[in-house]
Structure formats: C-alpha cells, structure tokens
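Participant: Here's a structure for you.
The values are calculated or read from the model by the stated rules, or taken from the named source; none is laboratory data. None of these values were measured; they are calculated from a predicted model. Cβ atoms come from the backbone with ideal geometry, glycine included; neighbour counts cover every protein chain shown. In case anyone asks, the SASA skips ligands and DNA or RNA and just uses the protein heavy atoms, side chains included. Shrake-Rupley method; radii C 1.70, N 1.55, O 1.52, S 1.80 Å.
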Amino acid sequence: PEAAEGRPGAGHEDFRPRIVPYYRDPNKPYKKVLRTRYIQTELGFHERLFVAVLTSKATLNTLAVAVNKTVAHHFPRLLYFTGLRSAKVPHGMVLVAHGDERPIWLMYETMNYIHQHFGSDYDWFYIMQDDTYAQAEQVKALVTHLSINQDVYLGRAEEFIGGDEQARYCHGGFGYLLSRSLLLKLHPHLDSCRNEILSVRPDEWLGRCIIDFLGITCVSQLQGQHYRTYELAKNTEPEKEEEEDFQAALAVHPVSDMTLMYRLHKHFSRIQLDRVYQEIQDLQMQIRNLTALTPAGEAGVTWPVGINAPFLPKSRFEVISWDYFTEQHLFSCPDGSPKCELSGASKADVSEIIESAVEQLNRLYQPLLRFSKRQLLNGYRRFDPTRGMEYTLDLLLEAATQKGHSHVLAKRVSLVRPLSKVEIIPMPYVTEATRVQLVLPLTVQDLDFVANFLDMFAMNTLDTHDNALLTLLFIYHPYDAQRVGQMDVFAGVKAMVGELEKRYADIKIPWISVKTEVPSQVKLMDIVSKKHPVDTLFFLASVWTEINMEFLNRCRMNTISNWQVFFPVHFQEFNPALVYRGEQTASSNTDFLRDGHFDRHSFAEACFYNSDYMTARTKLAADILDRDEVLESMEVFDVFLHYSGLHLFRAVEPGLVQKYTLRSCNPRLSEELYHRCVLSNLEGLASRSHLAMALFEQEQANST
C-alpha cells in the first residue's frame, strides 16, 4: 500500500545505486584474483527447480516410467529415489537407490542426498510421488512468482491426526515445494528428527520435523499464489471431468495405473494447447487494433499476424530462392542433381503441409463447402531465416456443396511454418589450452610447398609458444623407397626440419615414413593413430595450409571428445594470373575474401580426438572385415560420418587460407575422390566473372 501511494514503507530503505571507486593499497602486495569458470557462479545465480520423484521397486517399471514419459522432459532436472532397485533400470531415468524400503528412511536419505548434491545449485525443490500427476508447466510458472528469500513449505495442507489444530503438513501424494533457504535450515535437524519423531507416513514425519525445529507449517496459498490440487475418485474418466477444480489443478492424486497417467497427460495437454491458441488469437487481435493506429495503418499488418515480415533483400545476391517440388520429387537436391525422389523428412513435411492446407480451407468454408484434395499441381518452399519455412501450393481440389453438388477447381494457398522457441543445445566445456598435434602427409608432388608451410608453422606457433606440435608423414612411392639409400627424395625436407630443431632447442619434429602407391587417408591415419596417446587432439593438415593461432584455437573449441569432430572448409584463393591479369594484387586484408572461394569439395583438413577415431575405426573394421581395398575409397570424414555417433561440425573457416595451386589428382583413388579433386581444381581457377573477362580478352586478341 505504501508503494502504491508513492512513499516508502516503514523499515524500508531508499535504495540508490552508488559507484564504488577502485582502490588498491600500494603498501600491500598485489594478489591475482581467480575468476570462476562461469559468470553465473560468480554472481551467485542458481538453477530454478529440482524435482525428486519418490518411487519403489514395485512401481519403478510402471508408474515411474509413466511419469518419465509424460512430464520428465518438461523439468530441467529430475531424479527418481527408491529404497531398492530392480536389476534393470528403465532407459532414460536417473535413479538413486538408498538400500532400504522403509518409508521414513527413504524420506530421510532423500532429503540428505538432495541437500548434499543439489542444495547449493537450485532455488526450489519439488517433491512428488510416482502416483502423482503434476502439470509441469504450471509448477515451473508457480516458482517464478515466488520470492526465494522466504522459507517456503507449500502444498496441500492437511491436519495431523490428534495433533495441534494450527499445525499442518503437506500431503505427499499431491507434491509439495520447498525453498532452498528452508532446506539449508532443515538439514542440521534431520538426524534429530529421525531419532525423535515417530510416524508411519513420510510426509507427516517431514511436516512434523519442519514444524518442531523450524516452526514453519504447510500452506496452500503464499504470496498470492494458490497450490491447487484435485483428488481423483475411483474409475474416474478424465475426459468427462468438467469440474473447475479439476481443470485448474496443479497436481492430481492418486493415479492408479500407467494408462490413467497417459490419459491425464493427454487431457491436460489439450487444455494447455487450447489456452495457448486462445492467447495467440487475443494477441493477434491486439496487434491488429494497435497497428491501425500506427502511421502505416492496416497495411503495416504482416501475415501471419504476429510473425516477422518476410526478409527483404537489398540486392539480387540476397534473394532467397524457392525450391520446386511435387508429391513424388524434389527439384533442388542436396547433392546438386536436378531431380531426386522425395523421401524421409522432406516427404513427411510435404504431406503434412498439404494436409494442413486442406484442413484450413475446410475450416474456413464449412459448412457451405467441403474440400478434398485431388492433386498437388505445383509446390514451392523456401527457408526464410527471419520467420521460418514458407510454402506456396497450387492444389487441384474437389469442392462439394451441402446439396451434394461437386466441382473441381484449382486453388493457390500460402503457408508458413514459423520458427518456434529457440533452444540452446548443451555442450561439454572445452578450453583453449589443449595441445594440438598437427599431422602433415607429404608426397613428392608437395616438395615445392613444404618450405612455406614450415616457415608459417614456425612463425605462428613456435615463435608464439602456442601449444602445438608437428608430425610429418613421408609417403614414398615404391620406386623411390627402393632408391632411398642412393637418393632420398625427402632429404631436403629432413634438412629443413633439422634447422628448425636447432633454432628451437626444446622442439622435436618427428617423421614417419610410409611406402604406398595409393596414399589412402584412412590407412595413413591408422599408422599415426597407433603412435600417439588416445587423448591426442589431431589436426590433419595439408601442405598448402597456412597455420595460425586463430584457427588452432577454433580447432580446440570446436572439437569435443566423445561429442563432436570439426571439418573446416578452407578458403581457396583463385589463380592470380586469371584474377589480376598482370595487375597488382589486393593488399588490404579485408579484400582477400573477394579473390577466392570456400572449397566445399575438400575434406583434407580435420580436427578430432584420437579416442574418437579409434572407436569409429573399430566399427569400420568389423564392417569391412579383411577387405582393405575399401579403405582406398574412403576419407576420415566418411569414417566419422558412417561409423560414429558424434556431431560432425562442417563450417567455413576464414582463418584457414590456402594459396592457389593446381593439385595433382591421383587416378588410383576411388572415382568419387578423384572427381572431387578435379572439381576442386576447376572451381578454384577463378570466379565466373573473371573467367568471362579472360575469355573476352582472348577473343578480342584473336580477332585483331
């Protein structure tokens, strides 16, 4: 009331921000401040809600599984607590077994476990039984409206049998909410409660413990928020329950079997969905009313109402193209072919969007007309990053009237599948301190480029003391291997390595010699993998790669052991003879990206952990048995793609720049690898405009 009148209440200070100047006593030695890993730790933030489900060995595979399938994925953290566990724990459930089925002991051990492992990480703790159905979204909404500074014991308040009329405990069947402050105060008294309080019911025991030692009783209403519950009668039909208390219930109890749990979840999900649709309609109506008052007027209303307007390109290079499709084929294929069969997720997407279009038409024109689909004449779709997937469909429909007359007509409809709530994918924590082991395969054709590679490696890693090492892989042709005693083709490279080791006394650059006619990337990696520890982070490089610290850090951050491998797409500079034609090359660092392209045909560079490679390679060996010739048609990328369950992160890498050179493509490799190498050479010559200008100048010279 005082705040509403604009004056501070009694005992309230007038809080105003003030600047605290930094001052360090010059007489005291400087002490480095150690920062926490995450800023939320330093600021003292906690996660919002922890949920504990009390179950038993008898109901673990029934009711507990039903809870896990209905509401578990809505809560940020949920654990199951039981006295004894069965031999096999259901998939996807985190179970804690205390070794004793006594109810009071289970409650005591559960409260101890929660305090020990999660007491400092969460603000709220929700305790429920496996025969309770809780509306997860409403429970999460409830805790967002409660102050974390109070000792909260919230649930369905029940009287003790023969006890104090003022004291109440929270009924365990309907769940109850504990605040972090209450849990911290309660923990020192749990042992006393276990020894002094006698009770048959664990919820009564906990309630008596909180009342006797903290003086806090259970409440069903707090800070304007109501904890609404509903007690199910026997043989209840959730679909037929129309009581207002049931529709608004946050927790329902008792749930006798799994089927009833699923029926309750379906019923309350439908209520929640209807509520969301009604809220969307109300918001759309408000947007229409407010837009009419803006300078743009009703013309400023976008379709659909409330969804971002389509992306407006500023030039022809930013135009988002449409993909054409029919019910059987897609005319914009991932592999670049002009036509491919519609299958998988794309086929399901098209079927769903056609079904939705007919359903919307019927909803709009019924009962006067009833539409049914005859055929999809034309279909177009495109992904707009500002709003989602857009569709335009030309449908051949049969329209039937109420009198039974029918007529065939074509109708064009537009639909949008908007981007929904954005989710942040949790990723394991990685640092930039990991040592990177560079692996450089070399053939006789690469000798002219080795000196530049070693110079860049020394300047960008050895001079800067970056945590990176280099291993050279000399690939000898059988003919050169026989003559290595008389003339070693890699003698010059070995001399350069010796000079580097003299200049940097603490650095050793080992090399491995291999004799083969077909330098298969997988076979070469097999040799290197066996000579390094399993926790080694490899960067498989090419001789044209210019190593720099910026890329090495991204290699460390984008490669996660047992989670993700990184295949960067390097930037390939065009042939300067075609691009500049005798003119001076671009000197600005910001202009170099105009004079080349990202080579999507090359998979030569890769960052991955040795342990991940060994795991995938083991699966590959079991698949191909002794057919080693299969390895000649594979790259490391194929090994991870087909034989590992890891994320494959493939992204353009502007920090990985390669000078132009005409690569030698080994015809003894597989047809696909040879074809990709040829395409990489052809597309790396120059852009279309540069090639057109070169042809024009050649024709001009020939004509004169």
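Participant: Heads up, I need the accessible area for Glu499: 1.4 angstrom probe, whole protein in place, Å², nearest 10.
Facilitator: For Glu499, the solvent-accessible surface is approximately 110 Å².
Participant: Taking amide hydrogens as modeled 1.01 Å from N in the peptide plane, which residues meet the under 5 Å criterion relative to Gly83, leaving out close sequence neighbours?
Facilitator: When sequence neighbours closer than 5 places are left aside, the close amide H contacts are Lys57, His98.
Participant: For segment 561-573, take each phi angle, set θ = phi - 60°, evaluate the Karplus expression 6.51 cos²θ - 1.76 cosθ + 1.60, and give the result in whole Hz per residue in order, putting x for glycine and proline.
Facilitator: Those phi angles translate into 4, 6, 9, 8, 10, 10, 10, x, 9, 6, 8, 9, 6 Hz.
Participant: What order do you get for 396-408, 348-360 when each peptide is scored by the mean count of other beta carbon atoms within 10 Å, highest first?
Facilitator: Working: 396-408: 11.5, 348-360: 15.1.
The densest-packed peptide leads the list: 348-360, 396-408.
Participant: Charges on Cβ only, +1 for Lys and Arg, -1 for Asp and Glu, centred on the Cα centroid of the chain; of Pro17, His91, Ala468, which one is farthest towards the dipole's positive end?
Facilitator: Of the candidates, Ala468 comes out farthest on the positive side.
Participant: How much accessible area per residue does the chain have, in Å², with a 1.4 Å probe? List each step's numbers first, then the result.
Facilitator: Details: 41410 Å² over 704 residues.
Using a 1.4 Å probe on heavy atoms only, each residue of the chain averages 59 Å².
Participant: So who's got an amide H within less than 5 Å of the one on Arg168, skipping anything under 5 residues away but keeping other chains? H placed 1.01 Å off N, in plane.
Facilitator: Amide H to amide H, under 5 Å and 5 or more residues apart or across chains, Arg168 pairs with Cys218.
Participant: With runs of 4+ DSSP H residues as the only contributors, calculate the mean residue ellipticity of the chain at 222 nm using -39,500 (n - 2.57) per run, divided by the residue total and rounded to the nearest 500.
Facilitator: On the way: 20 runs with 230 residues, N = 704.
Counting only the DSSP helices, I get -10000 deg cm²/dmol.
Participant: Give, as a single signed number, the net charge of other residues whose beta carbon lies under 11 Å from the beta carbon of Asp123, with Lys and Arg counted +1 and Asp and Glu -1. Don't skip to the answer; put the middle values down first.
Facilitator: Numbers: positive: Arg48, Arg180; negative: Glu47, Asp121.
Result for the neighbourhood of Asp123: 0.
Participant: Cβ under 14 Å from Glu398's Cβ, Glu398 left aside: what net charge do those residues give with Lys, Arg +1 and Asp, Glu -1?
Facilitator: Working: positive: Arg370, Lys373, Arg374, Lys411; negative: none.
Cβ neighbours under 14 Å give a net charge of +4.
Participant: Something else now. Taking +1 at the Cβ of each Lys and Arg and -1 at the Cβ of each Asp and Glu, which of Ala157, Thr144, Tyr169 sits farthest along the dipole of segment 45-260 towards its positive end, judged by Cα position relative to the Cα centre?
Facilitator: Thr144
Participant: For the full complex of protein chains and a 1.4 angstrom probe, list Leu250, Leu695 by accessible area with the highest value first. Don't skip to the answer; put the middle values down first.
Facilitator: Working: Leu250 10, Leu695 105 Å².
Result, largest first: Leu695, Leu250.
Participant: Placing +1 at every Lys and Arg Cβ and -1 at every Asp and Glu Cβ, with all other atoms neutral, what dipole size does the chain have around its Cα centre, in debye to the nearest 20? Don't jump to the answer; show the numbers that get you there.
Facilitator: Details: 72 positive and 88 negative charges, 59 e Å.
Dipole of the chain, to the nearest 20 debye: 280 debye.
Participant: How big is the charge dipole of segment 45-260 about its Cα centre, in debye rounded to the nearest 20, if each Lys and Arg gets +1 on its Cβ and each Asp and Glu gets -1 on its Cβ? Walk me through the numbers before you get to the answer.
Facilitator: On the way: 18 positive and 28 negative charges, 156 e Å.
With Lys and Arg at +1 and Asp and Glu at -1, about 760 debye.
Participant: Given H placed 1.01 Å from N in the peptide plane, which residues other than close sequence neighbours of Ser542 have an amide H under 5 Å from its amide H?
Facilitator: Here nothing satisfies the definition.
Participant: Still on this model: Given the peptides 518-530, 363-375, arrange them by the average over their residues of other C-beta atoms within 10 Å, most packed first. Present the calculation step by step, with values, prior to reporting the outcome.
Facilitator: Values: 518-530: 17.5, 363-375: 12.5.
Listed from highest to lowest mean packing, they are 518-530, 363-375.
Participant: To continue, here is another question. In debye, nearest 20: dipole of segment 171-327 around its Cα centre with unit charges on the Cβ of K, R (+) and D, E (-)? List each step's numbers first, then the result.
Facilitator: Details: 15 positive and 21 negative charges, 107 e Å.
That gives a dipole near 520 debye.
Participant: If packing is taken as the mean number of other Cβ atoms within 10 Å per residue, what is the order of 409-415, 379-385, 79-85, 419-425, highest first?
Facilitator: Values: 409-415: 13.3, 379-385: 16.0, 79-85: 19.7, 419-425: 6.7.
Top of the packing list down: 79-85, 379-385, 409-415, 419-425.
Participant: Sticking with this one: Would you check segment 45-260 for Lys pairs whose C-alpha atoms are within less than 23 Å, ignoring same-chain pairs closer than 8 in sequence, and give me the count? Don't jump to the answer; show the numbers that get you there.
Facilitator: On the way: Lys57/Lys69; Lys57/Lys88; Lys69/Lys88; Lys69/Lys140.
Lysine pair count for segment 45-260: 4.
Participant: Roughly to the nearest percent, how much of the accessible area of the chain is carbon and sulfur, given a 1.4 Å probe? Can you show the working numbers first?
Facilitator: Details: 22110 of 41410 Å².
Here it works out to 53 percent.
Participant: Also, I was wondering about something else. Helix 610-624 versus the longest principal axis of the chain: what angle, 0 to 90°, nearest 10, using Cα atoms?
Facilitator: 80
Participant: Between their Cα atoms, which of Lys339/Lys373; Lys266/Lys373; Lys347/Lys373; Lys347/Lys421; Lys494/Lys531 are more than 28 Å away from each other? Walk me through the numbers before you get to the answer.
Facilitator: Numbers: Lys339/Lys373 24 Å; Lys266/Lys373 30 Å; Lys347/Lys373 17 Å; Lys347/Lys421 24 Å; Lys494/Lys531 20 Å.
Over 28 Å Cα-Cα: Lys266/Lys373.
Participant: Ok, one more. Taking θ = phi - 60°, what integer Hz values does the Karplus form 6.51 cos²θ - 1.76 cosθ + 1.60 yield along segment 43-48, in sequence order, with x for Gly and Pro?
Facilitator: Values, residue by residue: 7, x, 6, 10, 5, 6 Hz.
Participant: Using the Karplus curve 6.51 cos²θ - 1.76 cosθ + 1.60 with θ = phi - 60°, what ³J(HN,Hα) values do you get for each residue of segment 142-148, in whole Hz, with x for Gly and Pro?
Facilitator: Result, ordered by residue: 4, 6, 6, 9, 10, 7, 7 Hz.
Participant: Then there is this: Quick one: net charge of Arg556's neighbours, Cβ under 14 Å, K/R +1, D/E -1?
Facilitator: Details: positive: Arg435, Arg554; negative: Glu432, Asp466, Asp535, Glu550, Glu653.
Net charge around Arg556: -3.
Participant: Among Ile512, Gln328, Gln700, whose Cα projects farthest towards the positive end of the dipole of the chain, with charges put on the beta-carbon of Lys, Arg (+1) and Asp, Glu (-1)?
Facilitator: Gln700
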